[in-house]
Structure formats: C-alpha cells, structure tokens
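Structure first, then comments.
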Amino acid sequence: MSRCAYADVDVDNDRFWIRSDYNAAGIQSSAGTYSLDLFGPRAAADMREGRTLIVHDVGAELGPSEGLEMFRGIGVDAIICCPLVKNGRLTAMMAVHQDQPRDWLPSEVMLVREVVERCWAHVERVGAEMRMRESEERLRLAVEHADIGFWDVDIVHDTLIWPPRTKAMFGIQADVPVTIQDFYDGLHPHDRDATIEAFTAAIDPERRALYDVDYRTIGRDDGMIRWVAAKGRGVFDAAGRCLRVTGTAVEVTARKEAEEGLRELNATLEGRIANAIAEREEVQAALRQSQKMEAMGQLTGGVAHDFNNLLTPIVGTLDMLQRRGVGGEREQRLISGAVQSADRARTLVQRLLAFARRQPLQPVSVDVAKLVNGMGDLVASTTGPQIRVVVDAPPDLPAAIADPNQLEMALLNLSVNARDAMPEGGTMRISACTEWVSRDHRSRLPTGDYLCLSVADTGIGMDAPTLARAVEPFFSTKGVGKGTGLGLSMVHGLASQLNGALTIQSSPGLGTNVELWLPRSMTLPTSAARIDDAQERHSLRGIALLVDDEELVRASTSYMLADLGYRVIEASSGEEALQLLGTGQHVDLIVTDHLMPGISGTDLARRVRNARPGTAILLVSGYAEHEGLDPDLPRLTKPFRKSELAASLSQLGKTS
C-alpha cells in the first residue's frame, strides 16, 4: 500500500480531519480537512452506515459525480476504508490507499479489518485512560477542597483503600498502610454494631442497601474522638455477588457538637426561662425594696429633722431645770422622768437618721481594737450570767474610718439583739479583723481592704423571710413594747453612710452572725474627747452670735450660752446674721444651725471665714446631706445638753 490514514469525523457526520497518515516513499501526505459528501454517495453511505468501503479501481468504478475527482486529488486509485460508528454516529475512519488500481484479496481485506479493530481498541483504551485521569484529577481536587475522604473495600481480595484524608479521620498517619481490621478497631464501641449492620445490608445481594451511617472514631495515634458521616454502595456482578463497596467519608465533628449543643439548649430551655423569670422577679423585688427603703429614708429623715428641732429646746430646758434644782423633790422627780423620756426620744431620732443615712456624722480614724475591747465589760454586764461574752480584737488591728460614738451605739444595738436571741443562754462573740474584699464578695463592696466587726450568737436564728426584712425600720420579732425595730436598720444606715456595708448570716436554730464592714483608715486613730465638769466650767466668754430659724431652739440655746458666760446676739437667718456682721458688730463666737431657708449654716461659715478669719464657728445640725457639709467645720448634733455644748466650745477654743 502507498498510504494509511486516520480521520476524526465532526458531529455533523460530514466534515472530517485527517490529522496524520503513513506514506510510502514518494507519496504525499493526505492530512487536511475534507467533506465526506464530496467523495460520492457510495463512500458516504458506506461510512455512515458502518460498512467497509472497498474500491479496486477508482477510475473504473466511480464516475465524475461519484467522488472520482476527490479520490484522484489525493492520489487514491484503490482503497479499503473502515468506519467507526458509536451510538449511531460516524465517529472516525481508517483507510488503506493504493496509488494504482489493485485487486484486493479477501485475506488483505480481512487483515485491514483486524488491524483497524485493534487500532480502534487501542484508541478507545487510551482515550478512556485519559478521561479517567482527568476525572480522577477533578475528583481529587473536589475531594481535597471539600474535605471529603473516599474509601474502597475490595470484598473479593479483602483489601481496603484509604487516601490520607480518610486515614486522618481515624487518627492514622498518611504513610501507614491500612486493613479492614483498622476500620473495625477505629470505631467507637457505642457505634460499632450499627455501623457493621449498615455495611452488612450494603453487601447483601437481596437488600443492596445504601450504606449511610454516622459513627464516631477513636484516633489510633492521637486518641481523639471524631464524628464521621459515611455513604457508599456495593458493586455486584451478574451472579449477584458483591465485588466491592465504595463511597465517601466526611468529618462532621463540628456539626455534631453544634447539634448536641442545640439539643441541650432545647432540653434546658424551659428551665432557663424559669430561672430568667425568677431572676427578673428577684431583681424587680430588690428594686421595689430599694425604692421603698429610699422613700422611707427620705420620710424618716425629714421627720427626724423636725423632731430634733422640737427636742432641742425640750432637752436643753429640762437639763437646766434639773441642774438648777428647781422645785421640790416631787418636781425634780417629774423633771427626771421627762429627761429620761426626752433621752429615749433623742435615741429614737438618732436611729431614724442613721437608717435614713442622714445623721450628721464626724468620721475620724478609730482604734477599733481599743473600742471593741473597751465595750466588752459593758456588754457582759448587760447580758446576764447565762450568756458567755467572748471578745476577739487583736491589738495590732489598723484603724477604721467611722464616727466613734455612732459605732459604739451600733455595737451596743447588735449586742442587745444577740442577747435577746438567746433567752435560754448561749455564747456571744464580738470580734474584729481585717479582710481583703474581692469581686463578688457577700458585702458587695468595691475591691479593697476593710475592717470587719462581727457580733455572732448561738441563738434561735432567723428564717429566710425574716432575714429578708431584718433591716427594715420598725420591723421586729421581739413583740409589742419590747423593741423599736430600728436597731439593725440604724446599723445598716450607719454602714452605708460610712461607705461600708452590713451583712447578716442566719439559720433557724443555728444562730446569727451580723458583720459590719468599714473602710480601713490610712491615718493614726483620733482620741475621743471627754466631757467633764471642768470643760463645762471653762468657757471662752465674750459675744456669741446665735443663728437659727427656730425660735424655741434659739431660746433654749441662748440660755445655755448665757449660763456659760456669753453675751448672746440672736439672728433668725443667715441673711440677718450677715447684715449684723456687715454693720461692724464684733463677735467672738458664731453658733449657727446648718439647715435653714436661704443661706445655710455652712455657707454662712464660709463667708465669715473669708471676711473675718479666725472667728470661732460651731455648726449645729440634726440633719445634713454629706455634700452640704464642710468636713473641717466643728459640729454639734441636735438635740444637746449644756454640758455637750460646753464640751464642743471647749474643743473649739483649743483649735482656734
């Protein structure tokens, strides 16, 4: 033969390309693009219908309109051409050419057909391999980017194929060979039976089920537990025997954890809603209680202020009558009873102001250990022999910021409550210590160093409802006439006013522990002033300007000042006092109320200090807001006796 050519046919079944051919010496290549119809109806029909075209002599067998010109144009005088028809379409052609007429023998035709069939098989195999490589590459890229592992179980040869990603799901390194046993060993014990059952159903010729199962694995090398979602199907032969099972595996640990979290949320939803509602109700109850306490504080503070103004002339007048011995024995007994009632009223008002956090405190650095140890004997003498009093206050305790007089009263109130809680006797422990208050402490105080004074008893204790109301004013469990119900509320108000806190721990039958938390002082303790007759007799003498908007208070205070040796000038307001001073009136002392209409006592004192430096000033108050008071200004609390006024003036003379 002179040429062997191979051609690919277009989808239109007409155009074809000879991409390459074999040519004998002196024969030109036929490579190029052609139209099948131009080679005549005989050639076109044979090719499209899958018949071998055999032409012995082109010139003798084909006419001018039967493709003669096209065959001779490429130097063909005899031809054997075999078609390849796939899926009803002419796909390719392979031909043997002769450049002269030739009587093709049957054996030659058979040989060409065998060669062509082998070539077709080779081309198909190469194409299939190429397509498979492309498909495998696409699958590999897809699997790698989708974090999907695949697996192939050869049932016949009992082998397992796992890529590195699938091995990683079982905690196995990429270069380690695996067997079917590795799969079984890596299954979580709780999931092994269900997984094996699903695989058995997939290889069963009768069931041929889809292998679709989620299971946990335990990493062979790292021990980690992972969730895997696996899917696959069995491949069966004609006899129904399962040859292999192939499929994919995806790690779904994150999804399973999210699903479990969601299930837990759903399972606890009702409980969490109930807790949220309970917390909200608790917060609302606390808010209502706070608002109620604040309203009561404002009310009692205002009432206490008026009471102090009423009690000041009563206490002062009774004190003078008692000192002067007015009347006979009967009158003195009546005056003494009135003094005791006035003192009780005075104590009640002080407790009301303490609860309202509006008492005029004079916080100083207090030696807590000395104060507590000093009160031990007093408390023990008032509790009786059935109660054992234990005092524990180390002498090296740092000082606290407090008003010593009010602190003594608070400890005394707590001790009385502890005594009353032990009608059958018991032990009362009064202790003091330092403690670092951290976040979420029971006192709810800012983080820092504090002193804790506690009064604990082994008495009857309190249940939860009683404990919740313990600091409410006028709430008492002692019965009618046995208590005012202001003891704990007074201590609570004092603690709050000193930037401290009050905490109570109690259980029925186990006793009560009340803790008073006070800020620690960075300065040395201040010695408390003592009131004695010598101080009362000592006076500065001179002219005193008395300023108060209450006429009765001015009258009683004026009598006291006159008894102490002062000549008194009275003013009913701060404005009137400034007018007197503006006239050039000389004064040695100014005694002024704090809370007055118009100019307050503190403002008056500030103006006097600017205009007349060195003038002695004493501020008298029964009610005051913190921000309205000058902390450096000496103060005397209403109501007061002559001796208390004398002591304050004596201290004033020492500092002026």
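The values are calculated or read from the model by the stated rules, or taken from the named source; none is laboratory data. A quick note: this is a predicted structure, and the numbers were derived from the prediction, not measured. Reconstructed Cβ throughout: ideal geometry from the backbone, glycine too, with neighbour counts over all protein chains shown.
Would you confirm whether or not region 440-451 contains a residue that is touching a strand residue (DSSP E or B) at 6+ places or on another chain (Cβ under 7 Å), farther than 21 Å from E408 by Cβ, in the same structural domain as S496 (by TED's automatic domain parsing) and hydrophobic (A, V, I, L, M, F, W, C)? Yes, some residue in region 440-451 is touching a strand residue (DSSP E or B) at 6+ places or on another chain (Cβ under 7 Å), farther than 21 Å from E408 by Cβ, in the same structural domain as S496 (by TED's automatic domain parsing) and hydrophobic (A, V, I, L, M, F, W, C).
Has region 202-218 got at least one residue that is out of contact with any Asp or Glu (no Cβ under 8 Å at 6 or more places or on another chain) and in a helix (DSSP H, G or I)? Among the residues of region 202-218, at least one is out of contact with any Asp or Glu (no Cβ under 8 Å at 6 or more places or on another chain) and in a helix (DSSP H, G or I), which makes the answer yes. Of all residues in region 539-575, those satisfying the criterion of being surrounded by fewer than 16 Cβ atoms within 10 Å (Cβ to Cβ) and over 20 Å from P313 (Cβ atoms) are R541, G542, I543, G565, R567, E575.
The condition (being surrounded by 12 or more Cβ atoms within 10 Å (Cβ to Cβ) and over 19 Å from W151 (Cα atoms)) is satisfied by just one residue among R226, R207, R255: R255. Taken over region 596-623, the criterion of being among the aliphatic types (A, V, I, L, M), in a helix (DSSP H, G or I) and either surrounded by 15 or more Cβ atoms within 10 Å (Cβ to Cβ) or not assigned by TED's automatic domain parsing to the domain that holds S648 (or both) is satisfied by L604, A605, V608.
Say we look at region 501-520 and pick out the residues that are buried (at least 20 other Cβ atoms within 10 Å of the Cβ) and touching a helix residue (DSSP H, G or I) at 6+ places or on another chain (Cβ under 8 Å); which of these is farthest from P465 (Cα to Cα)? If we take residues in region 501-520 being buried (at least 20 other Cβ atoms within 10 Å of the Cβ) and touching a helix residue (DSSP H, G or I) at 6+ places or on another chain (Cβ under 8 Å), then L518 is farthest from P465 (Cα to Cα).
The set of residues in region 160-180 being outside any helix (DSSP H, G or I), in contact with a strand residue (DSSP E or B) (Cβ under 9 Å, 6 or more places away or on another chain) and closer than 14 Å to I218 by Cα consists of F170, G171. Based on what the data block shows, is R233 of a type outside the set (S, T, N, Q), in contact with a strand residue (DSSP E or B) (Cβ under 7 Å, 6 or more places away or on another chain), assigned to a strand (DSSP E or B) and surrounded by 18 or more Cβ atoms within 10 Å (Cβ to Cβ)? So R233 fails the test.
Looking across region 577-587, the residues that are assigned to a helix (DSSP H, G or I) and touching a residue at least 12 places away in the same chain (Cβ under 8 Å) come down to A577, L578, L580, L581. None of D420, D457, D392 is under 19 Å from V491 (Cα atoms), touching a strand residue (DSSP E or B) at 6+ places or on another chain (Cβ under 6 Å), touching a residue at least 40 places away in the same chain (Cβ under 8 Å) and acidic (D, E) except D457.
Being modelled with pLDDT of 75 or more and either under 30 Å from M596 (Cα atoms) or not in a helix (DSSP H, G or I) (or both) holds for only one residue in T248, T300, and it is T248. Note on region 210-221: among residues that are of a type in the set (V, I, T) and either in contact with a Lys or Arg (Cβ under 7 Å, 6 or more places away or on another chain) or closer than 28 Å to D237 by Cα (or both), the one that is surrounded by the most Cβ atoms within 10 Å (Cβ to Cβ) is T217.
Report yes if L141 is surrounded by 10 or more Cβ atoms within 10 Å (Cβ to Cβ), under 52 Å from the mean Cα position of the chain (by Cα) and closer than 26 Å to R241 by Cβ, otherwise no. Taking the combined requirement at face value, the residue does not satisfy it.
Considering only residues that are touching a Cys at 6+ places or on another chain (Cβ under 9 Å) and outside any helix (DSSP H, G or I), look in region 10-49 and name the one that is farthest from R113 (Cα to Cα). The qualifying residue farthest from R113 (Cα to Cα) is N23. When G425 is tested against the conditions (1) small (G, A, S); (2) modelled with pLDDT of 85 or more; (3) within 41 Å of the chain's Cα centre (by Cα), the lone failure is (3). Scanning region 176-205 for residues that are in contact with a Lys or Arg (Cβ under 6 Å, 6 or more places away or on another chain) and aliphatic (A, V, I, L, M) yields one hit, A201. Exactly one residue among L453, L510, L498, L502 is modelled with pLDDT of 80 or more and either touching a His at 6+ places or on another chain (Cβ under 6 Å) or aromatic (F, W, Y) (or both), and that residue is L502.
Note on region 4-23: residues that are under 24 Å from D99 (Cα atoms) and acidic (D, E) amount to 2. Determine whether N308 is crowded, with 18+ Cβ neighbours inside 10 Å, at pLDDT below 80 and closer than 26 Å to L516 by Cβ. Spelling it out, N308 is indeed crowded, with 18+ Cβ neighbours inside 10 Å, at pLDDT below 80 and closer than 26 Å to L516 by Cβ. When region 93-127 is limited to residues that are among the small types (G, A, S) and exposed (fewer than 13 other Cβ atoms within 10 Å of the Cβ), the one that is nearest to T33 (Cα to Cα) turns out to be G127. Is it the case that region 70-91 has a residue that's surrounded by fewer than 13 Cβ atoms within 10 Å (Cβ to Cβ), in a helix (DSSP H, G or I), at negative phi and in contact (Cβ under 8 Å) with a residue 24 or more places away in the chain? Looking for residues that are surrounded by fewer than 13 Cβ atoms within 10 Å (Cβ to Cβ), in a helix (DSSP H, G or I), at negative phi and in contact (Cβ under 8 Å) with a residue 24 or more places away in the chain, one finds none in region 70-91, hence no.
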